[in-house]
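Note sheet for the following structure.
The values are calculated or read from the model by the stated rules, or taken from the named source; none is laboratory data. Given the structure is predicted, the values throughout are model-derived calculations rather than measurements. Every residue, glycine among them, receives a Cβ derived from its backbone with ideal geometry; neighbour counts consider all protein chains shown.
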Amino acid sequence: MASPAEFIGKRVGRYTVLSHLASGGMAELFIARQEAVGGFEKDLVLKMLQERYATNPRVLQMFLDEARLAAKLNHQNIVHMYDVDRVDGIHYIAMEYIHGETITDIVRKSIADGGFLPLEHAVQVVADTAAGLEYAHERRDAEGRPARIVHRDVSPSNILVTYEGITKIVDFGIAKVQDQIREESGMRPGKVSYMSPEQVKGEVADHRADIYSLGIILYEITVGRRLWRGPPEQVLRRIVEEQVPPPTYVRRGYPHALELIIMKALEKRPQNRQQSAAELQHELLEFMEEAGLKSGPRRLARYMKDLFGVDTTASPAAGAANGITAAVTPEQSEEQEDLDFDRRAPLMMRVEPRTDDDADWDSGPAHLSAPAAANAKREAKAAPRPGVPRQPSGPIAVPSHNVAAAADPGRPTPAALVSAAPSGAHAVAAPAADAGLPIATKPAGGSAMRWVVLAVFLAVGVVAFLATR
């Protein structure tokens with residue numbers, strides 16, 4: 001393949017290349033225009049497979065699978081595929097141009113501006129993603145048989161939000177029909193930090209693997225902490241062996257109703273998770289309604305425009321020149337697409353010990369407005385915390401036995417979670433290696449009062465003893 005600059009202004013099939021958008025690990029991305037009679041014009045993205053991979057059967061098959069599978073999907077939350085062809089030895093896919101940003105870029109920009117993605121928008125984006133995944137999971141072929149499509153690479157860089165407030169799932173490049181999944185030895189499709197336990201173990205992954213990956217994203221963008229981070233082999237081991245610390249172990253003011261949803265999505269055993277993406281979507285929308293959270297395309301679009309300061313009337317070619325992303329992001333390394341909360345998080349995102357269960361919620365990523373926080377807190381007091389009984393004060397108590405854990409060994413036990421916590425009451429920014437999620441322990445609130453009461457009892461006892469002499 002010629003250099004990307006040599007394609008500018010030339011025709012590739014039915015399309016005129018306008019500008020080079022990005023270079024990926026296996027493909028080059030261009031903004032192109034399709035023109036037809038009557039002044040018809042349509043701007044789109046051309047994804048051209050690099051020449052060095054065109055003779056690699058596995059890579060070529062993944063490239064064509066992306067086009068074949070995505071062409072069957074017609075949903076507002078999935079990028080639209082228009083065409084696939086081979087011209088002069090160049091394989092390309094023509095797909096929808098999306099004027100928007102990835103979750104990775106949204107989180108990074110919001111943190112750089114000293115804020116964070118508001119809770120209502122974070123939950124809305126994940127709920128919309130679940131809607132798109134449900135459509136793909138339930139897709140049937142012409143004979144009415146389930147197609148059993150699994151994305152298997154649900155990650156922050158593969159979810160975009162447009163400046164119109166619409167969430168889009170992109171890059172079905174490693175998605176496969178479930179019955180055809182036969183991986184080569186040692187090959188694990190997907191980004192390591194967002195894999196499900198069954199993917200890591202090389203087992204057949206069904207649609208519930210996508211639910212687990214989406215649960216990780218929801219955890220990270222609402223808690224403000226990476227869940228699985230470190231060297232790839234260490235991350236793979238941790239996904240299988242370690243339990244997920246509940247969000248309230250990291251952020252004391254985290255909404256308990258949302259925590260229950262996340263912990264269910266992150267169950268090690270697929271049968272213990274939500275059994276469909278639609279179920280996850282319903283639970284998230286129900287949480288938003290009960291907590292009084294309001295989002296949606298109009299509000300999300302306004303947030304995006306305010307955050308990035310983008311002129312939404314600009315043409316795609318002009319947008320590319322100004323650094324605006326499109327529907328398909330280039331293949332990135334884990335390092336490049338890292339939601340690096342620890343290095344970028346401002347002081348307001350640091351996790352400090354709490355001394356009062358009813359302390360202000362308005363700090364950090366999981367932020368609720370005052371009325372919504374009041375409603376959610378009243379419901380949270382009546383809701384059980386996953387795995388650990390709530391304490392009015394003092395450090396977290398770990399029961400010597402746990403009936404639920406004994407009934408289901410796959411569930412996280414308090415002992416396993418607390419044993420992973422670092423020493424000390426403060427859990428601030430984790431080191432770059434991030435051996436594990438920091439867990440904030442609760443200080444011994446009310447200890448001074450206990451000493452006063454004890455002193456009074458001792459004084460009364462001494463006076464009574466002297467009175468009897």
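Filtered by the rule that a residue be of a type outside the set (S, T, N, Q) and surrounded by 22 or more Cβ atoms within 10 Å (Cβ to Cβ), the stretch 236-249 gives 239, 244, 245, 246, 247, 249.
If you go through the stretch 139-156, how many residues are crowded, with 16+ Cβ neighbours inside 10 Å and assigned to a loop (DSSP other than H, G, I, E, B)? The qualifying residues number 8. With respect to (1) of a type in the set (S, T, N, Q); (2) touching a helix residue (DSSP H, G or I) at 6+ places or on another chain (Cβ under 6 Å); (3) part of a strand (DSSP E or B), the lone exception for residue 16 is condition (2). Considering 17, 37, the condition of being assigned by TED's automatic domain parsing to the domain that holds residue 83 and under 16 Å from residue 86 (Cα atoms) is satisfied by 17 alone.
Run down 87, 126 and say which single residue is within 19 Å of the chain's Cα centre (by Cα), of a type in the set (Val, Ile, Thr) and at pLDDT 85 or above.
Values: 87 fails: within 19 Å of the chain's Cα centre (by Cα).
Criteria check complete, one pass: 126.
Scanning the stretch 132-142 for residues that are modelled with pLDDT of 85 or more and more than 17 Å from the chain's Cα centre (by Cα) gives 135, 136, 137, 138, 139, 140. Listed by first and then second residue, the pairs with beta-carbon distance under 6 Å, at least 6 apart or on different chains, first residue in the stretch 232-248 and hydroxyl-bearing (Ser, Thr, Tyr), second assigned to a helix (DSSP H, G or I), are 248/259. Selection of the stretch 23-42 for residues being part of a strand (DSSP E or B) and over 15 Å from residue 94 (Cα atoms) yields 23, 36, 40. Taking the stretch 227-280 as the range and being part of a loop (DSSP other than H, G, I, E, B) and among the hydrophobic types (A, V, I, L, M, F, W, C) as the test, the residues that pass are 227, 228, 244, 266. Looking only at residues of the stretch 57-87 that are part of a helix (DSSP H, G or I) and among the charged types (D, E, K, R), we find that the one that is surrounded by the fewest Cβ atoms within 10 Å (Cβ to Cβ) is 58. Considering (1) modelled with pLDDT of 90 or more; (2) buried (at least 21 other Cβ atoms within 10 Å of the Cβ), the lone condition that residue 173 does not fulfil carries the number (1). Which residue is modelled with the highest pLDDT, if the candidates are limited to the stretch 145-161 and must be over 17 Å from the mean Cα position of the chain (by Cα) and either under 11 Å from residue 77 (Cβ atoms) or of a type in the set (D, E, K, R) (or both)? Looking at residues that are over 17 Å from the mean Cα position of the chain (by Cα) and either under 11 Å from residue 77 (Cβ atoms) or of a type in the set (D, E, K, R) (or both), I get 145. Just one of the listed residues (90, 31) is over 23 Å from residue 167 (Cβ atoms) and buried (at least 17 other Cβ atoms within 10 Å of the Cβ), namely 90.
Cβ separations smaller than 6 Å between residues 6+ apart or across chains give no pair from the stretch 105-129 residues that are not assigned by TED's automatic domain parsing to the domain that holds residue 297 to residues that are part of a helix (DSSP H, G or I) and among the hydrophobic types (A, V, I, L, M, F, W, C). The numbered conditions (1) over 30 Å from residue 220 (Cβ atoms); (2) free of Cβ contacts under 8 Å to residues at least 60 places away in the same chain are all true for residue 93 except (1).
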